[in-house]
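What follows is one structure encoded as structure tokens, with my remarks underneath.
The values are calculated or read from the model by the stated rules, or taken from the named source; none is laboratory data. Just so it is clear, the model here is predicted, and its values are computed rather than measured. Reconstructed Cβ throughout: ideal geometry from the backbone, glycine too, with neighbour counts over all protein chains shown.
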Amino acid sequence: MLTVSNLTKNFGGLEAVSGVSFEVPKNSIVGLIGPNGSGKTTVFNLISGVFPVTSGTVYFEGINITTMKPHRVADLGLVRTFQVVKPFDNIPALDNVMVGAFQRTPNRHRAEERALHIMEMLDIAVHKDSLPKNLPLAIKKRLEIARILATDPKMIMLDEVMGGLNPQETEQLVETVKKIHSSGVTVLIIEHKMKCIMELSHDVVILNNGRKIAHGAPEDVVTDPEVIKAYLGEDYNVNSY
């Protein structure tokens, strides 16, 4: 579904991403992991059109999206969240999700129906009339996901959606991602919580210093010596996951 080939991004003299290549098969969940500063979010920004690519290509369902603007990428069905949730704080939660639904329809009634359906699926419909600024972080995270799901995507990219959540909230969001995937949506996810990556991912890509250092099944990459040294740590215990 998504093919990233030799993706490179320079910021002045700094090469933040260097020749990264990987694929995301349709109907899969692929994890993108690595230390802070390894280039994960930059890769998301390049795929989604937020940053221009220095070199390399990105194809989505066979269409070259390398130079497309974010709204055109979203039109094709590829959408993403950001690390820091940014709801429209001064309009109700339902209206926030409707913003996403308007990607597909100009009809307010249909947009509202779509938004409410998504909020019910994510168990946040009870908050539909609340202002996001008054909601806890865990609900804001779900609201952010609901907004991108309202665009009726084929694939979503989740950037550390479990960051800042307690264990119970994290497990609930893991189940939410599984539910989204079972509905037919392909998922590419950045996450630091290895337990979540191990539970969710069919495939994992590991970055370090802007380069891909490993790519494979979760149970294989966590035993890779280079991955242990660069990311997991020498005291890592595979049995803990």
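Look through the range 152-162, keep the residues that are in contact with a helix residue (DSSP H, G or I) (Cβ under 9 Å, 6 or more places away or on another chain) and not aliphatic (A, V, I, L, M), and return whichever of them is farthest from Val73 (Cα to Cα).
Glu160
At pLDDT 95 or above, buried (at least 22 other Cβ atoms within 10 Å of the Cβ), over 26 Å from Ile33 (Cα atoms) and not polar (S, T, N, Q), is that true of Ala93?
Here the answer is yes, as Ala93 does meet what is asked.
Of (1) buried (at least 21 other Cβ atoms within 10 Å of the Cβ); (2) modelled with pLDDT of 95 or more; (3) under 19 Å from Ser5 (Cα atoms), Ser38 satisfies all except one. Which?
Evaluating Ser38 over (1) buried (at least 21 other Cβ atoms within 10 Å of the Cβ); (2) modelled with pLDDT of 95 or more; (3) under 19 Å from Ser5 (Cα atoms) leaves (2) as the failure.
Give me the pairs, please: first residue somewhere in the range 215-241 and surrounded by 12 or more Cβ atoms within 10 Å (Cβ to Cβ) and of a type in the set (Asp, Glu), second residue anywhere and at pLDDT 65 or above and not in a helix (DSSP H, G or I), beta-carbon distance under 6 Å, and either six or more positions apart or on two chains.
Partner pairs satisfying both residue conditions: Asp224/Ala214; Glu226/Ile213.
Give me the residue from the range 9-35 that is farther than 20 Å from Val221 by Cβ and charged (D, E, K, R) and, out of that set, surrounded by the most Cβ atoms within 10 Å (Cβ to Cβ).
Looking at residues that are farther than 20 Å from Val221 by Cβ and charged (D, E, K, R), I get Lys9.
Only one of (1) under 20 Å from Phe22 (Cβ atoms); (2) surrounded by fewer than 17 Cβ atoms within 10 Å (Cβ to Cβ); (3) of a type outside the set (Ser, Thr, Tyr) is not met by Ile197, so which one is it?
Result: Ile197 passes all but (2).
Yes/no matrix, rows are residues, columns are (1) surrounded by fewer than 16 Cβ atoms within 10 Å (Cβ to Cβ); (2) at pLDDT 95 or above; (3) among the small types (Gly, Ala, Ser):
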{"residue": "Arg108", "(1), (2), (3)": "yes, yes, no"}
{"residue": "Ile124", "(1), (2), (3)": "no, yes, no"}
{"residue": "Leu135", "(1), (2), (3)": "no, yes, no"}
{"residue": "Ala146", "(1), (2), (3)": "no, yes, yes"}
{"residue": "Pro153", "(1), (2), (3)": "no, yes, no"}
{"residue": "Met162", "(1), (2), (3)": "no, no, no"}
{"residue": "Val177", "(1), (2), (3)": "no, yes, no"}
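What residue, of Thr57, Thr81, Thr67, is of a type in the set (Val, Ile, Thr), at pLDDT 95 or above, within 23 Å of Val30 (Cβ to Cβ) and surrounded by fewer than 16 Cβ atoms within 10 Å (Cβ to Cβ)? It would help to see each step written out before you state the result.
Details: Thr81 fails: surrounded by fewer than 16 Cβ atoms within 10 Å (Cβ to Cβ); Thr67 fails: within 23 Å of Val30 (Cβ to Cβ).
After ruling out the rest, the residue left standing is Thr57.
Being assigned to a loop (DSSP other than H, G, I, E, B), under 22 Å from the mean Cα position of the chain (by Cα) and more than 22 Å from Asp75 (Cα to Cα) is the filter here; which residues of the range 113-151 pass it?
Taking the range 113-151 first, the residues assigned to a loop (DSSP other than H, G, I, E, B) are 122-124, 128-131, 135-136, 150-151.
Add one more test, that the residue is under 22 Å from the mean Cα position of the chain (by Cα), and what stays is 122-124, 135-136, 150-151.
The answer is Leu122, Asp123, Ile124, Leu135, Pro136.
Return the only residue of Phe11, Phe82, Phe44 being among the aromatic types (Phe, Trp, Tyr) and without any contact (Cβ under 8 Å) to a residue 60 or more places away in the chain.
Criteria check complete, one pass: Phe11.
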